[in-house]
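Okay, structure first, notes after.
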Amino acid sequence: MIKFIFVCIILCLTAIANMAFAENTEPQELLIILRDNGTITQEQYDKLKQTTEHKAQEEQSSRVDVKVISKGGVEVQTYDGNFSFKLGGRVFVDAAYYDEDKNALGDGTELRKARIDTKGIIFGDWDYQFEIDFADGDADISDAYIRYNAFFPTRITVGQFKEPFSLEELTSSKFITFMERALPNEFAPDRNIGIGIHTHGEVWTAAAGVFGEEFDDDADDEGDEGWGVTGRLTYSPVHLDTRALHLGAAASYRIPDDEKKVKFDARPESHVTDIKYVDTDKIKNMDSLIKYGLEASGVLGPFSLQGEYIYTNIGRDNGSEDVDFDGWYVYGSWFLTGESRHYKFKKGAFGRVTPMSKLGALELATRYSTIDLNDGPITGGEGKNITFGFNYYFNPYIRLMLNYIIVDNDEDADADGDVMGNDDPRIVQARLQVDF
Amino acid sequence: MIKFIFVCIILCLTAIANMAFAENTEPQELLIILRDNGTITQEQYDKLKQTTEHKAQEEQSSRVDVKVISKGGVEVQTYDGNFSFKLGGRVFVDAAYYDEDKNALGDGTELRKARIDTKGIIFGDWDYQFEIDFADGDADISDAYIRYNAFFPTRITVGQFKEPFSLEELTSSKFITFMERALPNEFAPDRNIGIGIHTHGEVWTAAAGVFGEEFDDDADDEGDEGWGVTGRLTYSPVHLDTRALHLGAAASYRIPDDEKKVKFDARPESHVTDIKYVDTDKIKNMDSLIKYGLEASGVLGPFSLQGEYIYTNIGRDNGSEDVDFDGWYVYGSWFLTGESRHYKFKKGAFGRVTPMSKLGALELATRYSTIDLNDGPITGGEGKNITFGFNYYFNPYIRLMLNYIIVDNDEDADADGDVMGNDDPRIVQARLQVDF
Amino acid sequence: MIKFIFVCIILCLTAIANMAFAENTEPQELLIILRDNGTITQEQYDKLKQTTEHKAQEEQSSRVDVKVISKGGVEVQTYDGNFSFKLGGRVFVDAAYYDEDKNALGDGTELRKARIDTKGIIFGDWDYQFEIDFADGDADISDAYIRYNAFFPTRITVGQFKEPFSLEELTSSKFITFMERALPNEFAPDRNIGIGIHTHGEVWTAAAGVFGEEFDDDADDEGDEGWGVTGRLTYSPVHLDTRALHLGAAASYRIPDDEKKVKFDARPESHVTDIKYVDTDKIKNMDSLIKYGLEASGVLGPFSLQGEYIYTNIGRDNGSEDVDFDGWYVYGSWFLTGESRHYKFKKGAFGRVTPMSKLGALELATRYSTIDLNDGPITGGEGKNITFGFNYYFNPYIRLMLNYIIVDNDEDADADGDVMGNDDPRIVQARLQVDF
């Protein structure tokens, strides 16, 4: 009997010793108790303790201290939160059919976006993003920045990133409601190299930055780059999962480079064609560029409304008169399957929609947008588009989009003389997109 | 004694409780039995149960539910099979020496392929691939598609991918037997943006698709893109590891874009040089392009034979007469070290060779190939090549290739007048390739 | 009592059986002992053994046999060391202000480097690296090679990589002391496609290689590529963490391609501008290019000195006289926070600095550099720069650099006639860099 019990105890101790280290609990404590109880001798204790420590070390060294996640791409995070890395990307496959009126637009297919994206956290306080777009047959860097977060919620960003201007611009192309952003998006400053600061409170966000030019916009002659300052304020008294209100205002002031030229032009919200009906050509003698933007958006369950107005003033010298352009859009969206558009308050933009059902989510939307590039001596044309959109979200990462666009151009919307004005085509286009 | 036994029991229970959760078995069952046996009290049971559940939750949250694999690149898979991601690539380093006859071909080195490849599975039913080639000093997207697999074995693919035509074309450049595909490969449609369907039975596969143009082939003027339909059938009554028979037939019909031009030209199965001896220049007034391809291949242990014939008809209007071109190749391969070429039945193409020995695998091969671009008014030339190939597979991912090519061109194979015809050089070229 | 003990034993055995396999120890041994002791019957033994083996197999198949590491990027390693993969990159964000003298240099911003880097180990003996730089708005391959390490410390490399020449050139741009390498770096051969061998002893390293041309330098006409041989020896009697001495000598001999031209030009150690003051234009009739380099560097705690001299001889034919150019630099660096520059002996170059404190590391440095491109008929100009550098290492991966450069050009340093000579601007430039 004693033998049996002894075997039991030894086995138990072995079991516990082993297990304890596997479990990373405190094996020593148990051994101490057992020794103090007289259940094991000091000698046995010493030996077991040694084994224990050795084992614990071995375990430690082979421990998985990094979490790996895949949702189509890959993400790794150290458990201490100090380091992470995420590799992802997006591929948008487009096809467009043009029910032509006066001009040929060119039916066809294209890869609208084809991006690889890396981002990570370094020593907790720092993070970076580096993303490249291969869609045009070459490689264009989109985001490439380093960010310092030690003063969160205040963050400082250095590198190439989007100037804080326009709700639709700041919403990723992965998540915009229609295949292309609205006509007045031509006025948004997009990405430049600079330094920015971003912060937020309970109901507001503020962002501002000083920016040079995009990495490939450096003048060929060695004049100085242009530079600008841009700021944006958003106010959102409500930002729940199914209910949100967003109001925003932004302003941007820019000094041009030595060429002192600026050009605005826009495709008819369809990218397969290269025709840009509204086109100011290069406007000379620019000595300053001022932009104001107003934004509003509301989400109420499956329904959502969004609108923006952007005003642009081109100050000119050498006797050329100033010119003003503007544009606006408004749209509504309805998820028949009950989802809500996902408002990301801290970013002041919209994000990923996750279908409620395994069958996916269905969204209907309609938009009116207009841009007016006629003022004084500049006759860039005026365009108006009505779009009907149908989005099917197979899952959070794969979306089918169908857009039907009714285009209404004025006489001056003639691609700077390259095509006939007053052209009013209808456009049918589709996209299958994945992001990972 | 009672005390000893009690200690034993407590220790055992502790051990089991701990262990059980670590093992993710059902600890509750054991506790229930012990309680029902009267070994432990209800109170003890409750406490242990609570500890158990808490532990189990902790374990769960830190569980590694993603499998990570590296064979030089990296692959992650969730254990439920719903998500995966793989990052890989290939680098081919080439050098060529030209034993010149009449024209300079340009000895030298190059990176023949330099690709980064991402692919993944999203929510089980969907997968994607996105691959970019950097070898030409810019970035060219090769594959970029989204695929739906819920109706497996039937799969639907949308994006840019290879049209289903030609055994050698559909075999990855990582796995082709000679450094370059044979001369008639010039007729294969290669990759375009479109939608395709692929399915297979026990002994056959079928693939078909409708395709626009490659992402960077969009006409500068805004004419419509060309488009085509392509289909392929393969039959393989035997497809074992060391024995396989493959028969295939494919057809492709294409309507050109508004330029109505097509051009065929081909290098002498060597890519360091830029001389394309056979060259039709741009053939005008094309109104349709029809291609037929026949394929056959057999594997018998270390021996393998493969051949293809491709016929191309260019229908023309505006009084221009139709023209016909064709080409074919046949080759044999022998693994001195006993391996077999790896036939992938479902894809109807060949795949990775895995050496049997740690010392690697050695393959000898010889090929005859010809392309005839002379017909009626078109004198693009005729080329004939005999190639002797030596492949050494250090391991499944690293291969050394040596090719000796005897080139026999006719009088018209003059690179559209840029070089002298009837040029019969000898070519020695080598490649070290890695894929990961 | 017997029942109790029996329960104990069964529980213990279960516990041990489970645990043992989880721990991958030898469960069989325990079972054998227990059977031989008569504690368990043969029947029980058989059953337990079966369970044991089954469990062990299950464990095995789901075991994490890959180690995943993130320091901002991601690295995976199989525990057997046979395979690994690392994905990283670097982003350098620059801004420059030019206190101009005679010529406009163009203030502005740029992404100086924007690279994605993959490397891995395949079947232990082989490794590869494949890195792409997107900073110029396209995609340039930097390293792309396959390396064989079975004869370590001797390694054979095939592909595109840096010729073994110049300490500063071989030190990664991530780790150089000033924002740009010194003026004479223009003479260093940089990367080409070739085959090289590298080995080292206790105090020396030797590297040599035969190289063609970089992948995108192939002549348009089909002349043969140029080729060269380059070798380097380094001697380092001391290479400790805080003390190191490095002496090096390198030579390179190159035969040009059929164009027989060579050109040397250099920016004023600032890359935002495109002005290259010193510029020989294309030197014709080159029939050989010989370069010699001498290197010395010493590290003594926080202090470090480094210098190089490079001599270049252009042998010419067709009656053109030979020309000789040279250049040199010397600099000192001091870590106020006590760190030492990190000398990597086996590579014969410098590596990553790791700050001692969480607050980061601070380095002051100053450099004098000069390049002389005037000789005989060639008047490429002579440039001299004095640079004051300030580096702040937030952590090992993020660094802020500030450089103030005093430029002193001679009359011929006129960018081959494009700008005025004798231009002596002052340059202030800053960089924030991350590598992951």
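The values are calculated or read from the model by the stated rules, or taken from the named source; none is laboratory data. Since the model is a prediction, treat every value here as computed from it, not as a measurement. Because the Cβ atoms are built from the backbone with ideal geometry, glycine has one as well, and the counts that use them run over all protein chains shown. Protein only, heavy atoms only, side chains kept; ligands, DNA and RNA dropped before computing areas. Shrake-Rupley method; radii C 1.70, N 1.55, O 1.52, S 1.80 Å.
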In region A:247-271, which residues are assigned to a strand (DSSP E or B) and not small (Gly, Ala, Ser)?
-> A:LEU247, A:TYR253, A:ARG254, A:ILE255, A:VAL262, A:ASP265
C:LEU336: under 15 Å from C:ALA365 (Cα atoms), aliphatic (A, V, I, L, M), under 21 Å from the mean Cα position of the chain (by Cα) and surrounded by fewer than 18 Cβ atoms within 10 Å (Cβ to Cβ), yes or no?
-> no
Kindly indicate whether C:ASP117 is within 13 Å of chain A (Cβ to nearest Cβ) and open to solvent by 20 Å² or more (accessible area, probe 1.4 Å).
-> no
Lone qualifier among C:LEU402, C:LEU373, C:LEU362, C:LEU336 - being within 14 Å of chain A (Cβ to nearest Cβ) and more than 22 Å from C:ALA296 (Cα to Cα) | C:LEU402
Can you tell which of A:GLY209, A:GLY226 is free of Cβ contacts under 8 Å to residues at least 60 places away in the same chain, open to solvent by less than 20 Å² (accessible area, probe 1.4 Å), in contact with a Pro (Cβ under 6 Å, 6 or more places away or on another chain) and within 14 Å of another protein chain (Cβ to nearest Cβ)?
-> A:GLY226
Filtered residues of region A:138-172 (kept if assigned to a loop (DSSP other than H, G, I, E, B) and open to solvent by less than 10 Å² (accessible area, probe 1.4 Å)) = A:ALA139, A:GLU163, A:PHE165, A:SER166, A:THR171
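Name the residues in region C:97-107 that are open to solvent by 10 Å² or more (accessible area, probe 1.4 Å) and either closer than 12 Å to C:THR273 by Cβ or assigned to a loop (DSSP other than H, G, I, E, B) (or both), would you?
C:TYR97, C:GLU100, C:ASP101, C:LYS102, C:ASN103, C:ALA104, C:ASP107
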Test: C:GLU202 is over 16 Å from the mean Cα position of the chain (by Cα), surrounded by 19 or more Cβ atoms within 10 Å (Cβ to Cβ) and more than 30 Å from B:GLN433 (Cβ to Cβ) | no
The residue that is farthest from A:THR177 (Cα to Cα), considering only those in region A:263-297 that are touching a Pro at 6+ places or on another chain (Cβ under 9 Å) and surrounded by fewer than 18 Cβ atoms within 10 Å (Cβ to Cβ), is A:ASP287
Go through (1) open to solvent by 30 Å² or more (accessible area, probe 1.4 Å); (2) assigned by TED's automatic domain parsing to the domain that holds B:ARG341; (3) under 27 Å from B:ARG112 (Cβ atoms) one by one and return the number of the condition B:ASP190 breaks.
-> (2)
Considering every residue within region C:239-246, establish whether at least one is assigned to a loop (DSSP other than H, G, I, E, B) and closer than 20 Å to B:LEU432 by Cβ.
-> no
If we take region B:349-436, then strands (runs of 3 or more DSSP E) inside it with 2 or more residues that are open to solvent by 20 Å² or more (accessible area, probe 1.4 Å) and without any contact (Cβ under 8 Å) to a residue 60 or more places away in the chain are B:361-375, B:378-395, B:398-409
For region B:123-178, which residues satisfy the criterion of being within 14 Å of chain C (Cβ to nearest Cβ) and at positive phi?
-> B:GLY137
